[in-house]
Amino acid sequence: MTSVEELQLKIKELEEKVKELSLKNQEHNVSSHARAKIDHMSAEVVDSNPYSRLMALKRMGIVENYEKIRTYTVAVVGVGGVGSVTAEMLTRCGIGKVKLILFDYDKVELANMNRLFFQPHQAGLSKVDAAANTLQFINPDVTFETHNYNVTTLENFEHFMGRLKSGSLSEGPVDLVLSCVDNYEARMAVNRACNELGQTWFESGVSENAVSGHIQFLIPGEIACFDCAPPLVVASQIDEKTLKKEGVCAASLPTTMGIVAGLLVQNVLKKRQEEYRKRKQEEDASGQNVEEAKEEEVVVVHEDNEWGISLVDESSNVESDSKTSSGLHLSQGIRVAFERSTDSSNKDTEALESEGDGWEEAEVSLDDLMAQMKTL
Ligand SMILES: [Zn+2]
């Protein structure tokens, strides 16, 4: 006869086996569903094309060259509630055939499950590894570089700077840094690195009570840096150093974090498009379309304002038409309902000014005005 202890041991053994098998099954499922890499983004509208909806942005005239997004490198610092969702959005948009560089040193915990992205079975894994695994499966065309460390320590900071400086596909500086960290020291480290490198970046954050958030665009040397104009001080006069105390559990909501991540990525997309436009304008200006530019110069209508805007055609004689008898200048097509008589208005003001206690005099002149109006 088997004892209770023996049975309990057997159950434990079987449970372990089930766990092992389900993990293997999961891995098999993942690998059997992974798609092959795609060299060129196609605009072909078929259900099997993962880029058809993105490339439709071109067809709709929103962007001119969506596929250029694949040359873009973005570094996401902090892969928590905001950073992980940011990274997922960038991945789904097909950012960088290139690279998405992830920096973080936290582990996935069950306490993170109120947020988006991470799942219970990832508990215990490092956030960067767990994120890269999931994201690689979602879009294998994106290259991921992960660094599982704290950017604020001296040694890591040097390495962090190095990766920002030469982490892009062409081993040059990354195109953009998105700070999605949750503490002041880390923000200061990102600020310092970006200041030293002249690297544009976005700062982001969610309030301790989880119901508000912010993003802030920073261009070193052009805009006050994070240290000079900390968003929390500017907006709420709260010193960020006093927040995030040990043992205090901040609130968080998937909604607010999702909104902040959405704002970040929307701005990444907008910024990329702006850069493209600027480059194209520069290219056009520097020779390729000189003739077109010359033609445009001739067409300019109104040279004394820089926008070339002119409300009325100067050649037509509108002034005499639009001038009222009281000397008021009106634009073409506009007329006044009543003409002000210069005489009576002068009299009224004189009356008010000459009398010390002007109330009765004012009433009298009001009666006068009423009488005048009736005669109109
Ligand atoms: Zn500064």
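Some notes on this structure:
- Within region 233-244, considering residues that are within 15 Å of the ligand (Cβ to nearest atom) and among the aliphatic types (A, V, I, L, M), the one most open to solvent (accessible area, probe 1.4 Å): Val234
- Search result, residues across region 190-224 that are over 21 Å from Arg163 (Cα atoms) and more than 16 Å from the ligand (Cβ to nearest atom): Gly205, Val206, Ser207, Glu208, Asn209, Ala210, Val211, Ser212, Gly213, His214, Ile215
Let's see how each residue does on (1) within 18 Å of Val265 (Cβ to Cβ); (2) more than 20 Å from the chain's Cα centre (by Cα):
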site	(1), (2)
Lys12	no, yes
Glu20	no, yes
Ala34	no, yes
Glu44	no, yes
Glu64	no, no
Lys68	yes, no
Val76	yes, no
Asp106	no, yes
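- Filter pass, Asp182 being more than 16 Å from the ligand (Cβ to nearest atom), farther than 10 Å from Phe103 by Cβ and more than 25 Å from the chain's Cα centre (by Cα): no
- Between Ala87, Ala111, the distinction of being assigned to a helix (DSSP H, G or I) and more than 17 Å from the chain's Cα centre (by Cα) belongs to Ala111 only.
- Residue check for Leu264: at pLDDT 95 or above and touching a Lys or Arg at 6+ places or on another chain (Cβ under 9 Å): no
- Residue within region 200-211 that is of a type in the set (Val, Ile, Thr) and part of a loop (DSSP other than H, G, I, E, B) present: yes
- Of the set (1) of a type in the set (Gly, Ala, Ser); (2) more than 22 Å from the chain's Cα centre (by Cα); (3) open to solvent by less than 10 Å² (accessible area, probe 1.4 Å), all apply to Ala123 but (3).
- Evaluated against (1) surrounded by fewer than 24 Cβ atoms within 10 Å (Cβ to Cβ); (2) in a loop (DSSP other than H, G, I, E, B); (3) small (Gly, Ala, Ser), Gly81 falls short on exactly one condition, (1).
The values are calculated or read from the model by the stated rules, or taken from the named source; none is laboratory data. Predicted model, so just to flag it, every value in this text is computed and none were measured. No Cβ is skipped: glycine too gets one built from the backbone with ideal geometry, and neighbour counts run over all protein chains shown. Ligands, DNA and RNA are stripped out before the accessible areas are found, and what is left, the full protein with its side chains, is counted by its heavy atoms. Shrake-Rupley method; radii C 1.70, N 1.55, O 1.52, S 1.80 Å.
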